[in-house]
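Here the structure comes first, spelled out in structure tokens, and everything after it is commentary.
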Amino acid sequence: AKTPSANRITLLRDADGDGRAEVREIFLQGLNSPFGMALVGDRFYVANTDAVLEFDYAQGQTQLAGAGRPLTELPAGPRNHHWTKSLIASPDGSRLYATVGSNSNVAEYGMAAEQGRAAIWEIDRATGTKRLFASGLRNPNGMAWMPAAGGSGAPVLWTVANERDELGSDLVPDYLTSVRDGGFYGWPYSW
């Protein structure tokens, strides 16, 4: 980003239901470019640009304090090209999924700079252990679960991926895709 992050999450509350926030206060501060958030029971998770943090949370709470518990690190570093990290919980709440965009446009800094990036990571909430769930997604941002077709089977994870830049107007810059466990989606070799 061109401007420094405020490194906080701001709570906006529409107390009277008119569509305008009457309350604006700091919900959590001292973060590192936070982007993704997920609430699972009495735990609030934040995806900073470099890690997922866990906080205790009580319903209706308007402010969190403390540094939180580091759950797991995420790929970042000094050249953190796509710094946003989306976050979603599995339907049963046992796992978290975090997006990590590529560190370049077309791997112009080499594949070593892309280690663990252009991917979605699956994180065990109990242990913080993570594994690559899917790769080859240049800059996945935003995720949602969709029930399996016909209502039977496991829900399917979907994401929107931002594709390569600077290729002119003949390439759709974003696409929506279902995400399979172990799937490879082409980046940086194809789209």
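The values are calculated or read from the model by the stated rules, or taken from the named source; none is laboratory data. Treat the numbers as computed from the prediction; the structure is a model and nothing was measured. Neighbour counts run over all protein chains shown; Cβ positions are idealised from the backbone, glycine included. Calculation scope for accessible area: heavy atoms of the full protein, side chains included, ligands and nucleic acids excluded. Shrake-Rupley method; radii C 1.70, N 1.55, O 1.52, S 1.80 Å.
Under 20 °C and 1.002 mPa s, how fast does the stretch 1-107 diffuse according to Stokes-Einstein, given a Kirkwood radius computed over C-alpha pairs? Answer in µm²/s, whole number. Walk me through the intermediate numbers first.
Details: Rh = 15.1 Å.
The calculation lands on 142 µm²/s.
Might you report the magnitude of the Cβ-based charge dipole of the stretch 1-128 about its Cα centre, with Lys and Arg at +1 and Asp and Glu at -1, to the nearest 20 debye? Intermediate values should be presented prior to the final figure.
Numbers: 12 positive and 15 negative charges, 63 e Å.
The dipole of the stretch 1-128 has a size of about 300 debye.
Suppose R0 equals 45 Å; then what is the FRET efficiency for T10 and S178 from their Cβ-Cβ distance, rounded to the nearest 0.05?
After rounding to 0.05, the efficiency reads 0.85.
Run the numbers for N105 and F27: contour at 0.36 nm per residue of separation, minus the present Cα-Cα distance, in nm.
On the way: separation 78, 0.36 × 78 = 28.08 nm, distance 3.41 nm.
Length gained between N105 and F27: 24.7 nm.
Nearest 5 is fine: what % of DSSP beta bridges in the chain come out antiparallel, could you say?
Working: 46 of 48 bridges.
Taking every DSSP beta bridge within the chain, about 95 percent pair in antiparallel fashion.
What is the Cα coordinate range of the stretch 81-180 on the first, second and third principal axes, sorted by size from largest, in whole angstrom?
So the extents along the principal axes, rounded to whole Å, are 41, 33, 17.
Give me Rg/Rg_expected for the stretch 59-134, where Rg uses Cα atoms only and Rg_expected = 2.2 N^0.38 Å with N residues. It would help to have the intermediate numbers written out before the result.
Values: Rg = 14.5 Å, N = 76, 2.2 N^0.38 = 11.4 Å.
Ratio of Cα Rg to 2.2 N^0.38 Å: 1.27.
Work from the charge dipole of the stretch 1-125 (Cβ charges, +1 for Lys and Arg, -1 for Asp and Glu, about the Cα centre) and give the residue of Y97, G30, F55 farthest towards its positive end.
G30
Roughly how many debye, to the nearest 20, is the charge dipole of the stretch 51-191 about its Cα centre, given +1 on each Lys and Arg Cβ, -1 on each Asp and Glu Cβ, and no other charges?
Values: 11 positive and 14 negative charges, 58 e Å.
It comes to approximately 280 debye.
Leaving out ligands and nucleic acids, and using a 1.4 Å probe, what accessible area per residue does the chain come to in Å²?
On the way: 10420 Å² over 191 residues.
About 55 Å² of surface per residue is accessible.
For S94 paired with A112, estimate the spin-label separation in nm (one decimal), with each label point 7 Å from Cα along the Cα-to-Cβ line.
My value for the distance between the label points is 3.9 nm.
Rounded to the nearest percent, how much of the accessible area of the stretch 44-90 (1.4 Å probe, protein heavy atoms only) is carbon and sulfur? Could you put the intermediate results ahead of the total?
Numbers: 1090 of 2160 Å².
Here it works out to 51 percent.
Evaluate the relative contact order of the chain (contact order divided by residue number), counting alpha-carbon pairs under 8 angstrom at least 6 apart; express in whole percent. Can you show the working numbers first?
Working: 429 pairs, mean separation 24.4, N = 191.
Relative CO of the chain lands at 13 percent.
Read through the labelled values (i) -0.29, -1.07; (ii) -0.22, -0.96; (iii) -0.29, -0.93 and report the label of the one computed as log10 I(q)/I(0) by the Debye sum over Cα atoms at q = 0.08, 0.16 Å⁻¹ from the structure.
From the options (i) -0.29, -1.07; (ii) -0.22, -0.96; (iii) -0.29, -0.93, the structure gives (i).
Give me the net charge of Y57's neighbourhood, meaning all other residues with Cβ under 13 Å from the Cβ of Y57; Lys, Arg count +1, Asp, Glu -1. Walk me through the numbers on the way to the answer.
On the way: positive: R43, R69; negative: D42, E54, D56.
Combined, the nearby Lys, Arg, Asp and Glu give -1.
Which order do peptides 29-41, 12-24, 145-157 fall in by mean Cβ count within 10 Å, highest first? Can you show the working numbers first?
On the way: 29-41: 16.5, 12-24: 9.3, 145-157: 11.2.
The peptides rank, most packed first, as 29-41, 145-157, 12-24.
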